[in-house]
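**Q** Below is the structure I would like to discuss, written out as structure tokens.
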Amino acid sequence: MQFSSRERLKHARLAGDRREQYPHSLQFYLEPPTESISLAEFESFAVDRLKLLKVVENLGVSYVRTTDIYKTKLVAELRKLKFPYKALAEDDYEARRKDHISHFILRLAYCQSEDLRRWFLQQEMDLFRYRFNELTESLMQKFLGHVNLSFEAVGEDLKNELVNELSSSTPGFTVTKVKEQMFYKVGLADAVDLFRARRVFIKDGFAYVPFKEIDVIVLNNYRTKLSKALALTARSLPSIQSDERLQPLLKHLSHSYVGPDYSVQKNTGKISLEQIDALSVKSFPLCMRQLHRTLRDSHHLRHGGRMQYGLFLKGIGLTLEQALEFWKKEFIRGKVDADKFDKGYAYSIRHNYGKEGKRTDYTPYSCMKIIMSNPPGQGDYHGCPFRHSDPELLKQKLQSYKIPPSGITQILELVKGMHYQLACQKYFELTHDVDDIGFSLNHPNQYFTESQKLLSGGRELKKELNNSGNFQQKNNSQESINSSSTPTSSNATADTELEGLDAYFTED
């Protein structure tokens, strides 16, 4: 991206050619941005788009994409985060600019592994699908021309000649509807999905596609282009990782938590050690319940488990003194004597509380940190059970916790789709006997806090009958994601400008 000078951008704006820069509210993101942006704007854009894609993911699992409630919630998020949502808006230059730049920033962050690329591609596809289908027919035509996807319209004479074949080959189309609908001749290679689903008429190597199905063609084209672009960007990873401007910003963006700071202990000292066993059953997420049970059974946890569980306990309110007592009592019941604990393990506990070493007050791990970093090895019990456990072992564990078979099936389906946090939300619903939890789960300590609110009557959640059998959820991404927590570069200021990034998106 050669994010070129601000003078150029200012001149372009003064010249009144904003709409020429972004003639459509929708785009394929084929050309990288060509302007300078400040470090603060870079971070803000990236976090806002990440919020949006998280909402897209949650809504896509929770609601049918064509329903009004799905559309209402998504357009509300687009408006709130100031992304393009109204195709005909004359004054949404800044929204279109933000949409353009933020896509390329996250493309840098999410090109770094196959799992990240797959997630980013799916959410961008779902977002594009919604926005494309919201266009009017005339704007769709205009957009198709803009991205060089202008297909040959079938003339009235040919359509009348083929009316019976088109009607019988196109599901839901009567002869009358065929005559009313515009059809296009599309090369078979572009219409493979429609052909396989037997939804179009084929003749002489062309698919006769009704206008209402043209979105399938456009989405396939977009998927192909974005997949190739992500692979190309991934080739630039060595350069990205050596770039001192970008690496501090992108290092954790793809799996960082940007929500409430659970190192600020509002309940410090309010939980007694005697309560932990009961709390682990009622209010711990599955990852922490597993660690607690392992600690009680074997009287030991390896380093990864001690870090994950110890910081979680710190976040729910254990004081340093309580933590030292808790871990020491458990470890000396195993193979560690009191002297060895005091000389070794106690230091790391004090370190986590900011009392040793660099005096850093460590923050409890977020869901994304647990899911994306330091996977458990043989003999380890840390990590996310929904991400790191064998499905059959996970099923057995859920059965042992009296989760009903229908609930286990739903959880395993979410796991299969790699929606690990949504699987944990479903676990929350089942263990708390609610159908709509009213928040987006992003942190184990958030799970604990919301559970305690619910069990103590601090929040009202109504159990509702869901005849469809599918669970639904509301989203509050503003509560769960806060841009102030975005990773920042230690050697740069908010006014620092980023430029010359185009090389990461172009072929050598």
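The values are calculated or read from the model by the stated rules, or taken from the named source; none is laboratory data. All values derive from a computational prediction rather than experimental measurement. Cβ sites come from the backbone with ideal geometry, for glycine too, and all protein chains shown count toward neighbours. Heads up: the accessible areas ignore ligands, DNA and RNA and are worked out on the full protein's heavy atoms, side chains in. Shrake-Rupley method; radii C 1.70, N 1.55, O 1.52, S 1.80 Å.
**Q** Please verify whether Gly334 is in the same structural domain as Leu430 (by the TED database) and over 21 Å from Leu295 (Cβ atoms), treating the condition exactly as stated.
**A** For Gly334, the condition - in the same structural domain as Leu430 (by the TED database) and over 21 Å from Leu295 (Cβ atoms) - is not met.
**Q** Is there a residue being at pLDDT 85 or above and closer than 19 Å to Leu246 by Cβ anywhere in segment 66-74?
**A** Scanning segment 66-74 turns up no residue that is at pLDDT 85 or above and closer than 19 Å to Leu246 by Cβ.
**Q** Under 6 Å between Cβ atoms, at least 6 apart or on separate chains: pull out the pairs that start in segment 133-152 with a residue that is farther than 14 Å from Ser25 by Cβ and end on any residue that is surrounded by 17 or more Cβ atoms within 10 Å (Cβ to Cβ).
**A** Filtered contacts from segment 133-152: Ser150/Leu144; Phe151/Tyr184; Phe151/Val186; Glu152/Lys185.
**Q** Turning to a different aspect of this structure: Report, ordered by the first and then the second residue, all pairs with beta carbons closer than 6 Å, sequence separation of six or more or different chains, a first member in segment 200-213 that is without any contact (Cβ under 8 Å) to a residue 24 or more places away in the chain, and a second member that is charged (D, E, K, R) and surrounded by fewer than 21 Cβ atoms within 10 Å (Cβ to Cβ).
**A** Phe206/Lys185
**Q** In addition: Any residue at all in segment 424-438 that's small (Gly, Ala, Ser), under 24 Å from the mean Cα position of the chain (by Cα) and farther than 25 Å from Gly305 by Cα? Walk me through it before giving the result.
**A** Restricting attention to segment 424-438, the residues satisfying the condition of being small (Gly, Ala, Ser) are 438.
Those still in the list that are under 24 Å from the mean Cα position of the chain (by Cα) too: 438.
Checking which are farther than 25 Å from Gly305 by Cα leaves us with 438.
Checking segment 424-438: at least one residue is small (Gly, Ala, Ser), under 24 Å from the mean Cα position of the chain (by Cα) and farther than 25 Å from Gly305 by Cα.
**Q** Further question: Within segment 341-352, identify whether any single residue is loosely packed, with under 12 Cβ neighbours inside 10 Å and of a type outside the set (D, E, K, R), and answer yes or no.
**A** yes
**Q** Based on what the data block shows, is Lys98 under 30 Å from Pro238 (Cα atoms), touching a residue at least 12 places away in the same chain (Cβ under 8 Å) and assigned to a helix (DSSP H, G or I)?
**A** yes
**Q** Right, next: Out of Arg131, Arg107, Arg79, report the one residue that is closer than 19 Å to Val47 by Cα, more than 17 Å from the chain's Cα centre (by Cα) and not aromatic (Phe, Trp, Tyr). Give the derivation first.
**A** Values: Arg131 fails: closer than 19 Å to Val47 by Cα; Arg107 fails: more than 17 Å from the chain's Cα centre (by Cα).
Going through Arg131, Arg107, Arg79 in turn, the sole match is Arg79.
**Q** Of the residues Gly315, Gly383, Gly357, Gly379, which single one is on the phi < 0 side of the Ramachandran plot and assigned by the TED database to the domain that holds Leu291?
**A** Gly315
**Q** Scan Gln478, Gln472 and give me the residue that is outside any loop (DSSP other than H, G, I, E, B), open to solvent by 60 Å² or more (accessible area, probe 1.4 Å) and at pLDDT below 90.
**A** So the residue among Gln478, Gln472 that is outside any loop (DSSP other than H, G, I, E, B), open to solvent by 60 Å² or more (accessible area, probe 1.4 Å) and at pLDDT below 90 is Gln478.
**Q** Can we say Leu430 is part of a helix (DSSP H, G or I) and surrounded by fewer than 20 Cβ atoms within 10 Å (Cβ to Cβ)?
**A** no
**Q** Please pick out the residue among Leu295, Leu291, Leu286 that is surrounded by 20 or more Cβ atoms within 10 Å (Cβ to Cβ) and either modelled with pLDDT under 95 or farther than 24 Å from Leu422 by Cα (or both).
**A** Leu295
**Q** When you scan segment 62-79, do you find a residue that is farther than 27 Å from Met418 by Cα, basic (Lys, Arg) and in a helix (DSSP H, G or I), even just one?
**A** Checking segment 62-79: at least one residue is farther than 27 Å from Met418 by Cα, basic (Lys, Arg) and in a helix (DSSP H, G or I).
**Q** May I ask you to list the residues in segment 32-69 that are over 16 Å from Leu250 (Cβ atoms), hydroxyl-bearing (Ser, Thr, Tyr) and either crowded, with 17+ Cβ neighbours inside 10 Å or touching a residue at least 12 places away in the same chain (Cβ under 8 Å) (or both)?
**A** Listed by number, the residues that qualify are Thr34, Ser36, Ser38, Ser62, Tyr63.
**Q** Sticking with this one: Take the residues in segment 179-199 that are in contact (Cβ under 8 Å) with a residue 24 or more places away in the chain and charged (D, E, K, R), then tell me which one is nearest to Glu161 (Cα to Cα).
**A** Ranking the qualifying residues of segment 179-199, first place goes to Lys185.
Here is a yes/no grid of residues against (1) more than 30 Å from Lys73 (Cβ to Cβ); (2) surrounded by fewer than 18 Cβ atoms within 10 Å (Cβ to Cβ):
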| residue | (1), (2) |
| --- | --- |
| Asp92 | no, no |
| Cys111 | no, no |
| Gln122 | no, yes |
| Tyr130 | no, no |
| Asp157 | yes, yes |
| Thr174 | yes, yes |
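**Q** Please report, ordered by residue number, the helices (runs of 4 or more DSSP H) entirely within segment 269-359 with at least 1 residues that are farther than 19 Å from Gly383 by Cβ.
**A** The qualifying helices (runs of 4 or more DSSP H) are 276-282, 303-316, 320-331, 346-352.
**Q** Do you know which residues across segment 410-436 are at pLDDT below 90 and more than 12 Å from Cys367 (Cβ to Cβ)?
**A** Passing the criteria: Gly417, Met418, Asp435, Asp436.
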